[in-house]
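Below: the structure, in structure tokens.
The values are calculated or read from the model by the stated rules, or taken from the named source; none is laboratory data. Because the structure is a prediction, the values reported are computed rather than measured. No Cβ is skipped: glycine too gets one built from the backbone with ideal geometry, and neighbour counts run over all protein chains shown. Ligands, DNA and RNA are excluded from the accessible area calculation, which covers all protein heavy atoms including side chains. Shrake-Rupley method; radii C 1.70, N 1.55, O 1.52, S 1.80 Å.
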Amino acid sequence: MSRFVVNGGKRLCGEVEVQGAKNSALPILSATVLTRGENILYNCPKLSDVDASLRILRYLGCDAKEQNGAVLVNCDGLCENEIPDCLMREMRSSIVFLGAILSRTGSAKLSFPGGCELGPRPIDLHLKALRKMGAKISERHGVLQCRAENGLKGAKINLSFPSVGATENIILAAVLADGTTTIINAAREPEICDLCDFLNCAGAKIYGAGEGVIVIDGVTELNAVSHNIIPDRIVAATLMSAAAVTKGDITLSGVIQNHLSSVIPVFEETGCQVNVKDGNMKFSAPERLNPMPLVRTMPYPGFPTDAQAPLMAVASICNGTSVFVENIFENRFKHVGELTRLGADIQVQSKVAVVNGVKSLYGACVEAQDLRGAAALITAALIAEGKTEISGIEFLERGYENFEIVLSSLGAEVRKV
Ligand code: EPZ
């Protein structure tokens, strides 16, 4: 178990570039299964989740490697349609390989996915949609046996919830299917748009990405492309949180303002100054932060659930009471107990967390239990008096590239041991 040791109280200043988006890179890596030739992915973040996807691609018989800061993937040699349990367990998003493998080979065998334990991680919406497209899926002893001998057929699919993963799986199953697929109540996240940009460049016919209705006309083949992964909006929100708690003044390069349209106003409510111009964000924080009256997580373009934890760390030292409502995942307050060990005053009642800001946090030994919870603990440690030791950094490395180096370059005192 690697740990971070943080000496709090250092004001963050300076400029960093925001890494590529994990939640865009992962579905795009799955999408390469459908293409002929060598794809080149630029701005692909160096993360353990990306490594896990590359290992899955290699296991399937694809050629996947990193070269000069880009990721090269050629799936011409694909010869497997099963992903073993050990690889599936490493992360939740490996379920997004299902649609792509099923479309490419006509059958797939996967176990139920792992990933952060954010409450039950059902995949009912994925399976219901794929069955509607002609897949025969049996679930036994945690293994999904999927077949589509006659290929997948276009269908009209109503999602009861705008699930990001289900939307991605349906798109990957539909781009080479026979006929047209319409997704009603599709997820609108920027990562969905990035996936569709990649696929359309490869020859797909996808219309309406980013809207609630996406239409996909099946085509016969897709050819490999070069693609620039969009910046990671959640890493940007996390760096804003780090600057906010340390009364910092930073510049983030590689920011797409409208991807943060529901995050920026929350920071402005606390008194932070945020100015975005030509992809660069200037962010500065006041001496004392005002509270965040109400932060409710919602599907995009609402406030992102992935930013709830880091912003709760900011709220823990605001001058007043902030309220968070977690509407997306059932069990996404596991960082509360650990923030409390650092001196935060937070009460949780089902999906509501009430944060009474305190004057100071104090260093302690804390343990991360999921990816964004780890980000919250590091954010709090940056302002906690004295030394904080954070274990479970493996969780952080799933989504944050060299984060101790990024924070140190802004003046934080963070060591990885
Ligand atoms: C994606 O997860 C992201 N992961 C998550 O980021 C993000 O929090 C989430 O979308 C919401 O934005 C990746 O993109 C790799 P969902 P996903 O399907 O696809 C329920 C991070 O920190 N649901 O939109 O799993 C589900 O239980 C990660 O980077 C069903 O009920 O999210 C949850 O309550 C964490 N049945 C809600 O929908 C289904 O079949 C949102 O899930 C699928 C989902």
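For the range 292-325, filtered to residues that are assigned to a loop (DSSP other than H, G, I, E, B) and within 14 Å of the ligand (Cβ to nearest atom), the residue that is surrounded by the most Cβ atoms within 10 Å (Cβ to Cβ) is Pro304.
One residue stands out in the range 326-347 among those that are farther than 23 Å from Ser261 by Cα and within 16 Å of the ligand (Cβ to nearest atom): the one that is most open to solvent (accessible area, probe 1.4 Å), namely Glu330. In summary, strands (runs of 3 or more DSSP E) completely within the range 164-248 and bearing 2 or more residues that are open to solvent by 20 Å² or more (accessible area, probe 1.4 Å) and of a type in the set (A, V, I, L, M, F, W, C) occur at 213-217. The requirement of being assigned to a strand (DSSP E or B) and either over 23 Å from the mean Cα position of the chain (by Cα) or in contact (Cβ under 8 Å) with a residue 40 or more places away in the chain (or both) is not satisfied by Val33. Of all residues being part of a loop (DSSP other than H, G, I, E, B) and not hydrophobic (A, V, I, L, M, F, W, C) in the range 75-109, which is farthest from Asp51 (Cα to Cα)? Just the residue, please. This residue is Gly106. When we screen Ser24, Ser30 for residues that are within 16 Å of the ligand (Cβ to nearest atom) and in contact with a Phe, Trp or Tyr (Cβ under 6 Å, 6 or more places away or on another chain), the only hit is Ser30.
Candidates in the range 119-134 are the residues that are modelled with pLDDT of 95 or more and part of a loop (DSSP other than H, G, I, E, B); of these, the one that is farthest from the ligand (Cβ to nearest atom) is Gly134. Entry remark, the range 356-399: residues being of a type outside the set (Lys, Arg) and away from the ligand (no atom under 16 Å from the Cβ) number 22 in total.
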